[in-house]
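Colleague: Input: one structure, supplied below.
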Amino acid sequence: MPRTHVDDNTWREWVDPYIVDSKRLITVRRNNLRFKKLEELDVDLVERKDGIQIRLTKFELDMHWREALTEYASLHETHCTEFAQAVLKRAERDYLLDQPGPTKQEFITYLEEGLVERDFREMF
């Protein structure tokens, strides 16, 4: 991970919203039918562990659970991609956004060769 912060508080302020939104998406993905039932009972706010609140009216819940798994997985992937892009921009490495990443096999080889222990910055 490129250096994106000066201290831990700055980092938390910046990254926490991404983490919280990620947890919301994953929770809705797994519980859309339960949440739909709660919404029908006029419940609008659900709180999961760590005090993360989920406003039910902000999510589409009226879908089959398999559809929800697919839909919210796609939304979560987009959210994670936006986070990765924000990290690169914040680290002033946004030029990497225009470069192709490694292929799946290249990444596997990289992991197998034990290069994971190297500083991530050396890849660039």
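No value in this document is a laboratory result; all are computed from the given coordinates. Note that this is a predicted model, so its numbers are computed, not measured. Methodologically, a virtual Cβ is constructed for each residue, glycine included, from the backbone with ideal geometry; neighbour enumeration extends over all protein chains shown.
Colleague: Taking 0.36 nm per residue of sequence separation and subtracting the Cα-Cα distance, how much length would be gained by fully extending the chain between GLU47 and GLU67, in nm to one decimal?
Modeller: Numbers: separation 20, 0.36 × 20 = 7.20 nm, distance 2.33 nm.
This chain segment gains 4.9 nm when fully extended.
Colleague: Going from the alpha-carbon gyration tensor of region 8-94, what semi-axes, largest first and in whole Å, does one get by taking the root of 5 times each eigenvalue?
Modeller: 28, 16, 8
Colleague: Would you please give the FRET efficiency between LYS89 and LYS23, computed as 1/(1 + (r/R0)^6) with r the Cβ-Cβ distance and R0 = 22 Å, to the nearest 0.05?
Modeller: According to the calculation, E is roughly 0.45.
Colleague: Among 16-29, 43-56, 65-78, 99-112, how do they line up by average Cβ neighbours within 10 Å per residue, starting with the highest? All intermediate terms of the calculation are to be shown ahead of the outcome.
Modeller: Details: 16-29: 16.5, 43-56: 11.9, 65-78: 14.5, 99-112: 9.6.
Packing proxy ranking, top to bottom: 16-29, 65-78, 43-56, 99-112.
Colleague: Within region 1-96, what is the number of lysine pairs with alpha carbons under 21 Å apart, leaving out pairs fewer than eight places apart on the same chain?
Modeller: 9
Colleague: For region 18-33, just list the computed ³J(HN,Hα) in residue order, Karplus coefficients 6.51, -1.76 and 1.60, θ = phi - 60°, integers in Hz, with x standing in for Gly and Pro.
Modeller: Values per residue, Gly and Pro as x: 5, 5, 4, 5, 4, 5, 4, 4, 5, 5, 5, 4, 7, 10, 4, 5 Hz.
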